[in-house]
Amino acid sequence: MKHNVILIVLDGLNYEVARHAMGHLQAWHAAGRAALYKMECELPALSRPLYECILTGVAP
C-alpha cells in the first residue's frame with residue numbers, strides 16, 4: 001500500500017499562532033487525514049541541526 005507524506009515544518013512560528021492561523025490543517029486533523037505534533041526546541045536553537053533530528057530521530 002502506498003502512503004503519501006507531507007511534512008510541514010514552520011521554523012520560528014509560535015505554536016498557538018500557527019493553530020489559530022492555519023484552519024485548513026486543523027480541518028485535516030479533525031477529519032483524521034493528518035497528525036499534529038508539537039515539538040519543543042532543543043538548545044542550541046539552530047535550525048539546520050534540529051532538522052536533522054527530525055529526519056533521524058536522534059537527539060542533538
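Test LEU7 against the stated conditions and say whether it is within 15 Å of the chain's Cα centre (by Cα), loosely packed, with under 10 Cβ neighbours inside 10 Å, not aromatic (Phe, Trp, Tyr) and not in a loop (DSSP other than H, G, I, E, B). For LEU7, the condition - within 15 Å of the chain's Cα centre (by Cα), loosely packed, with under 10 Cβ neighbours inside 10 Å, not aromatic (Phe, Trp, Tyr) and not in a loop (DSSP other than H, G, I, E, B) - is not met. On the stretch given as the range 1-38, residues that are among the β-branched types (Val, Ile, Thr) and modelled with pLDDT of 80 or more total 3. Condition first: surrounded by 10 or more Cβ atoms within 10 Å (Cβ to Cβ) and assigned to a helix (DSSP H, G or I). Can you find one or more residues in the range 31-44 that meet it? No: zero hits. The residues of the range 45-60 that are closer than 25 Å to ASN4 by Cα, in a loop (DSSP other than H, G, I, E, B) and either in contact with a helix residue (DSSP H, G or I) (Cβ under 8 Å, 6 or more places away or on another chain) or among the aliphatic types (A, V, I, L, M) (or both) amount to a single one, VAL58.
Mind listing just one residue for me: the one in the range 10-24 that is over 12 Å from CYS41 (Cβ atoms) and assigned to a loop (DSSP other than H, G, I, E, B) and, of those, farthest from the chain's Cα centre (by Cα)?
The extreme case among them is MET22.
Among the residues of the range 12-30, write down those that are exposed (fewer than 10 other Cβ atoms within 10 Å of the Cβ) and under 26 Å from ALA59 (Cβ atoms). Result: GLY12, GLU16.
The values are calculated or read from the model by the stated rules, or taken from the named source; none is laboratory data. As the structure is a computational prediction, the values presented were derived from the model and not from experiment. Note: ideal-geometry Cβ built from the backbone for every residue, glycine included; neighbour counts use all protein chains shown.
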